[in-house]
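Engineer: Have a look at the structure that comes next, please.
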Amino acid sequence: MNKQLPTLTPTKAVALFAIIVIVLLWAFQLRMGPELLDDGAFFLRYAENAANGEFWVWNPGEAPVWGASAPFYPIIVALPIKLGLDPHVAIVATGAVIASISFATLALMLGARFGIVTLVAFVTYLALDSNMMWMSINGLESPLTVALMVAAVWTLMRQPHAALVGLVAGLLIINKLDLLPVGGLLLLARWVQFRRFPWIAVAVAAAITAGWYGFAWWYFGAPIPNSFLTKTLHQNDMVKIIDWTWFGHLVLWVGVHKWLVVLTAATCLLGLRANLPYVILLAGTTIAHVIAYSIKFPFEPYNWYAVPASFSLVILGAIGTGLVFALLQRHLPGSTWSASALILLLLVGVTATSLPEERARTDGMYLFTSHQEHDRAEAGRWVDENVPDDFKVLTYWGNPAYFSRREVIDGSFLNRRYEEGDLAEIYRPEVVIRESQAGMMPTAPNFPELTAGGYKVVNVFDKTYRAGMDYFFVVLVRDDVVDQVRNVDMPRDLMRFVSNVTFGDVYGRIDVRGTNMFFVHPGETTATSFDFDAASYADSSSKCSVHVDARIHSGIPAAVVARGGGNVRIRILRGEEEIENSVVTLGEPMWRDLPCQEGQPIRFIVENNGSPDSDWLWLTFE
């Protein structure tokens, strides 16, 4: 059978625990984004206000609102903030500490109950699961969900007094509405485990549930989260970018999950009777959430919704791996050694086949936080630095709401009660932060309803657009107060500074890719060239010189680079004088500060450097 984890001395137990935590922290670090996820910034805003004594308050001085769907997580995050830790560090560290301790505790529990193979499999599958790792450290409430689910599994393993089971079930139910079935399944599993109805556990869970929701009705004016009401009742008409298959695909098929489904089936086939309480809790959670979110799915992929179901499959998959090992021990010659070799081969196979897709998921999430969330956050930071403190902001996302550090009108209605009408027209905030519409360019952002209402674009944040995605973010300010705003940088069309363009043959092109960036491609045999009026550009942006950065876009396919593409020669001339002649390749950019000289444009000549292939040159002026 699967060899049980031997009884460890305190020193050895702490050492093993520390090793698991270190492995998980390393896995977290690989998934660390440069910005918080959108809802994570919502939580952080609530946490900062709580640290200042205003609990569940969106804007200081206002009435409480149940906007954070998991109301206890911002209170936990508020504790290290109150102790003086930087808020951003506090929310990331809180997630990492809670998640790593919870995961490591469960790993030791699984090892003691099911064996060493189960422990190793659990840590392996968990570290592979990019979504689980990502959601543990990027500001969302997932770590608290994980901790409560670990407590639920602990009650099934240790079988404590029914009141303690009821406490865990009650905390699950009140932590977040979508954990209500998890709390119910825990009570059902307890019923099956002891073969008698758990009256005490049910009574305790019911008392906790009634107590919290009664308090919420009195304190917030509603017994369920405002964010839940908005998503359920007022997002049905929004254009959906996912369909009913989103949740099932994410939980049951993506990356390591397809293996977890097979190994969960092994748990049911090889050990259903002995492990029925675990199957009820964990498989039941997965099934309940897959059904619920296939019937009622959001308009965009809220991937943290998958954490309870994904975590359940990781646990069941690890148990299944241990049961397969025990089966191999019974039927293979050489027993333990042969079985161990095959399980090792299984783990290597799972890792090798899952890693490419999990890496792609990590890259996608990093791209999202380093571009879209970055643009949102930068818009908020710019407002904080350049706009009078008493100016109100209308925005729809967590990062600009948090980083603008002022009174915010929440256009998403997750943190305020829903109301009909145009909020900019109703409340006339001094500042509006908006996302572009499809087909809009950052050099000419156009918001007719806001322009007609007396708003003007004062800055554009377009790192996302420059990376090839069709959206960016803008800050608009009311016309009558725009003179009070510092460092206004209105969008300008770069092409008005360009003249004497010569396109290279076949492939030559110049495209504007943002407020200060060109995409330039040389021809098959001839160069693409143009004059750039640096003096006029510098004057329009209130600068005395122009910084030029030339680099190959990081998204260029590896196959193109392997055959010699992504390789250009750029020459810069002022009149007849050549002031730059450099080869630019992937990872080897060129940058230079160019002094402005009135009436003398700078000529840029881009050649393919002997390799007529894809050469994605991005030329940025600052």
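The values are calculated or read from the model by the stated rules, or taken from the named source; none is laboratory data. Predicted model, so just to flag it, every value in this text is computed and none were measured. FYI the Cβ positions are ideal-geometry reconstructions off the backbone, even for glycines, and counts take in every protein chain you see. These accessible areas exclude ligands, DNA and RNA; they are computed on the full protein's heavy atoms, side chains included. Shrake-Rupley method; radii C 1.70, N 1.55, O 1.52, S 1.80 Å.
Engineer: Stretched out fully, how many nm does the piece from residue 417 to residue 62 gain, at 0.36 nm a residue minus the Cα gap? Numbers along the way, then the final one.
Structural biologist: Numbers: separation 355, 0.36 × 355 = 127.80 nm, distance 1.28 nm.
Full extension from residue 417 to residue 62 adds 126.5 nm.
Engineer: Let me have the 222 nm mean residue ellipticity of the chain computed from DSSP H runs of 4+ only, each contributing -39500 (n - 2.57), with the sum over all residues rounded to the nearest 500. Before the final figure, lay out the partial values.
Structural biologist: Working: 23 runs with 317 residues, N = 622.
Computed ellipticity for the chain at 222 nm equals -16500 deg cm²/dmol.
Engineer: In Å³ and rounded to a whole number, note down the convex hull volume per residue for the Cα atoms of the stretch 494-621.
Structural biologist: Numbers: hull volume 12.3 nm³, N = 128.
Convex hull volume per residue, Cα atoms: 96 Å³.
Engineer: Sort 415-428, 270-283 by packing, meaning the average of other beta carbons within 10 Å per residue, with the highest value first. The partial results should precede the final answer.
Structural biologist: Values: 415-428: 13.5, 270-283: 18.6.
Ranked from most to least packed, the peptides come out as 270-283, 415-428.
Engineer: To continue, here is another question. Across 10 Å bins from the origin, how do the percents of Cα pairs in the chain run, short distances first?
Structural biologist: Spelled out per bin, shortest first, that is 3, 14, 22, 22, 17, 13, 7, 3, 0, 0.
Engineer: Leaving out ligands, DNA and RNA, what percent of the accessible area of the chain is carbon and sulfur, probe 1.4 Å? Intermediate values should be presented prior to the final figure.
Structural biologist: On the way: 16290 of 26420 Å².
About 62 percent, which is the carbon plus sulfur part of the accessible surface.
Engineer: Here's something else I'd like to know. Whole Å is fine, so just give me how far the alpha carbon centre of the stretch 124-164 lies from that of the stretch 203-273.
Structural biologist: 14 Å
Engineer: Right, something else. Modelled label-to-label distance, residue 469 and residue 389, 7 Å Cα→beta-carbon offset: nm?
Structural biologist: 3.4 nm
Engineer: Percent of alpha carbon pairs in the stretch 1-115 separated by more than 16 Å?
Structural biologist: Working: 4361 of 6555 pairs.
In whole percent, the long-distance tail amounts to 67.
Engineer: Rounded to the nearest 10 degrees, what's the angle between the helix 10-30 long axis and the longest principal axis of the chain, both from Cα atoms, 0 to 90?
Structural biologist: Computed tilt is about 30 degrees.
Engineer: Arranged from highest to lowest average of other beta-carbon atoms within 10 Å per residue, in what order do the peptides 34-47, 186-199, 388-401, 287-300 appear?
Structural biologist: The densest-packed peptide leads the list: 34-47, 388-401, 186-199, 287-300.
Engineer: Any chance you could give the angle, 0 to 90 degrees and rounded to 10, that helix 162-175 forms with the longest Cα principal axis of the chain?
Structural biologist: The answer is roughly 20 degrees.
Engineer: How much net charge surrounds residue 157 when only other residues with a Cβ under 13 Å from its Cβ are counted (Lys, Arg +1; Asp, Glu -1)?
Structural biologist: Details: positive: 113, 158, 190; negative: none.
The answer is +3.
Engineer: Let me ask something else. Any aspartates and glutamates with Cα under 12 Å of the residue 82 Cα? List them, leaving off those in the same chain fewer than 8 positions away.
Structural biologist: Correct list for residue 82: 48.
Engineer: If you don't mind, another one. Could you tell me what a quarter of the Cα convex hull surface of the stretch 369-484 works out to, in nm² with one decimal place? Mind dumping the intermediate values first?
Structural biologist: On the way: hull surface 28.2 nm².
Result: a mean projected hull area of 7.0 nm².
Engineer: How many angstrom lie between the Cα centre of the stretch 336-397 and the Cα centre of the stretch 306-329?
Structural biologist: When both Cα centres are located, 25 Å separates them.
Engineer: If you don't mind, another one. Quote the relative contact order of the stretch 369-484 in percent (integer), defining contacts as alpha-carbon pairs under 8 Å separated by 6+ residues.
Structural biologist: Values: 190 pairs, mean separation 32.2, N = 116.
Relative contact order, the stretch 369-484: 28 percent.
Engineer: Which distance in nm do the two modelled labels at residue 574 and residue 426 give, with both placed 7 Å along the Cα-to-Cβ direction?
Structural biologist: Result for the modelled spin labels: 5.6 nm.
Engineer: Net charge near residue 566, counting Lys/Arg +1 and Asp/Glu -1 over other residues with Cβ under 9 Å of its Cβ?
Structural biologist: Values: positive: none; negative: 613, 615.
Overall, the nearby charge balance is -2.
Engineer: Compute the angle between helix 335-367 and the longest alpha-carbon principal axis of the chain, please, reported from 0 to 90 degrees and rounded to the nearest 10.
Structural biologist: Tilt of helix 335-367: around 40 degrees.
Engineer: Say each of residue 268 and residue 456 gets a label point 7 Å from the Cα, pointing the same way as Cα to Cβ; how far apart are those two points in nm?
Structural biologist: Spacing of the two 7 Å Cα→Cβ label points: 6.4 nm.
Engineer: Relative contact order for the chain: what is it in percent, counting Cα pairs under 8 Å that are at least 6 residues apart?
Structural biologist: Values: 1154 pairs, mean separation 71.2, N = 622.
Rounded, it is 11 percent for the chain.
Engineer: So, counting K/R as plus one and D/E as minus one, what does the shell of residues with Cβ under 9 Å around residue 74 add up to? Each step should come with its number before you reach the end.
Structural biologist: Numbers: positive: 45; negative: 48, 141.
Net of charged neighbours comes to -1.
Engineer: At 0.36 nm per residue, minus the direct Cα-Cα distance, what do residue 25 and residue 609 gain on full extension? Give it in nm, one decimal, please. List each step's numbers first, then the result.
Structural biologist: Details: separation 584, 0.36 × 584 = 210.24 nm, distance 4.43 nm.
Answer, rounded to one decimal: 205.8 nm.
Engineer: Could you tell me what percent of the DSSP beta bridges with both partners in the chain are antiparallel, to the nearest 5? Mind showing how you got there, number by number?
Structural biologist: Working: 53 of 58 bridges.
Of the beta bridges lying entirely in the chain, close to 90 percent run antiparallel.
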